[in-house]
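**Q** Before I ask anything, let me first share the structure, which is written out below as structure tokens.
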Amino acid sequence: MADILVTWYSRSGSTEAVARALAERLGGDAAPILTSASYGGAGGFIRGVWDSLRRRAPAIQTDADPAAYRLVVVAGPIWAGKPAAPLRSFLRRYGPRAKSIAAVCVSGSGGAYPAAFAEIEDLAGSRLAARLCLSQAEALSGEAGPILDEFVRELRGTQVAAA
Ligand SMILES: Cc1cc2nc3c(=O)[nH]c(=O)nc-3n(C[C@H](O)[C@H](O)[C@H](O)COP(=O)(O)O)c2cc1C
């Protein structure tokens, strides 16, 4: 088992692409956050917006035990300006038990979404070790490579400082 976990929720694959690339760079374990809530199709999009606006937290499944890692990197899409609902569920359940958390958000716009990161910190019960915002276009193209390299350097720096 590695000492870093990269875990993500992804509805349409862009966050998953980034998360897997990060896990590879960090030599970390990679684990999806799964939900049986249906967010597929047009109906699912509307449900996603609704759940986000209502700050709902659907049931999720994960095989990982975040408390067992030195660092947990959580990744998920932005929905209606907030963390996607399954990411909220994960953070509510596991965030306070993680030793150190960093977060990556992927959105259509690639905006900074400070309120979304504030909610993530609130749910985790701690300050984020590092944060990264990417647009869906960056996530799905090779453009993200240098950005991910820089993020990994930042994460390694925070881990050395914390040791
Ligand atoms: C329900 C829903 C709400 C969204 N709300 C926003 C938003 O507020 N701002 C934005 O820039 N993109 C928004 N998007 C776009 C997603 O954040 C973007 O497509 C992201 O890359 C999806 O990640 P995924 O492929 O991992 O599911 C929304 C997408 C969905 C499905």
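**Q** Please report, for the Cα atoms of the chain, the Rg to one decimal and the Dmax as a whole number; what are they, in angstrom?
**A** 14.4, 47
**Q** Now a separate question. Could you give me the ³J(HN,Hα) list for segment 59-74, computed from phi with Karplus coefficients 6.51, -1.76, 1.60 and θ = phi - 60°, whole Hz, x at Gly and Pro?
**A** 5, 10, 10, 8, 8, 8, 10, x, 5, 7, 10, 6, 9, 10, 9, 9
**Q** Once you've got the GNM for the chain with C-alpha springs shorter than 10 Å, pick whichever of Val74, Val152, Val104 has the biggest mean-square fluctuation.
**A** Val152
**Q** Based on the mean of other Cβ atoms within 10 Å per residue, sort peptides 90-98, 37-45 so the most packed one is first.
**A** 90-98, 37-45
**Q** Once you wrap a convex hull around the alpha carbon atoms of segment 1-92, what is its projected area averaged over all directions, in nm²? Before the final figure, lay out each step's value.
**A** Working: hull surface 22.4 nm².
Dividing the Cα hull surface by four gives the mean projection, 5.6 nm².
**Q** When the Karplus curve 6.51 cos²θ - 1.76 cosθ + 1.60 is applied with θ = phi - 60°, which whole-Hz ³J(HN,Hα) does each residue of segment 115-127 get, with x for Gly and Pro?
**A** Result, rounded to whole Hz: 5, 5, 5, 5, 5, 4, 5, 4, 5, 6, x, 7, 6.
**Q** When the accessible area of segment 14-134 is split by element with a 1.4 Å probe, what percent falls to carbon and sulfur?
**A** After summing per-atom areas, the C and S share lands at 52 percent.
**Q** Mind listing the long-range amide H neighbours of Val73? Cut-off is under 5 Å, sequence gap 5 or more, other chains count too, H placed in the peptide plane at 1.01 Å from N.
**A** Leu5, Val6, Thr7, Ala102
**Q** Can you give the accessible area per residue of segment 31-157, in Å², using a 1.4 Å probe?
**A** Working: 5820 Å² over 127 residues.
For segment 31-157, the per-residue accessible area is 46 Å².
**Q** If the only charges are +1 at each Lys and Arg Cβ and -1 at each Asp and Glu Cβ, what is the size of the charge dipole of the chain around the Cα centre, to the nearest 20 debye?
**A** 560
**Q** Just Ala112, Ala103, Ala85 to compare: in a GNM of the chain, with alpha carbon springs under 10 Å, which one fluctuates most?
**A** With Cα springs under 10 Å in the chain, the top fluctuation among Ala112, Ala103, Ala85 is at Ala112.
**Q** Summing +1 for each Lys or Arg and -1 for each Asp or Glu, what net charge is found among the other residues whose Cβ lies under 14 Å from the Cβ of Ala102?
**A** +3
The values are calculated or read from the model by the stated rules, or taken from the named source; none is laboratory data. None of the values given here were measured: they were computed from a predicted structure. Backbone-built Cβ (ideal geometry, glycine too); neighbour counts: all protein chains shown. Calculation scope for accessible area: heavy atoms of the full protein, side chains included, ligands and nucleic acids excluded. Shrake-Rupley method; radii C 1.70, N 1.55, O 1.52, S 1.80 Å.
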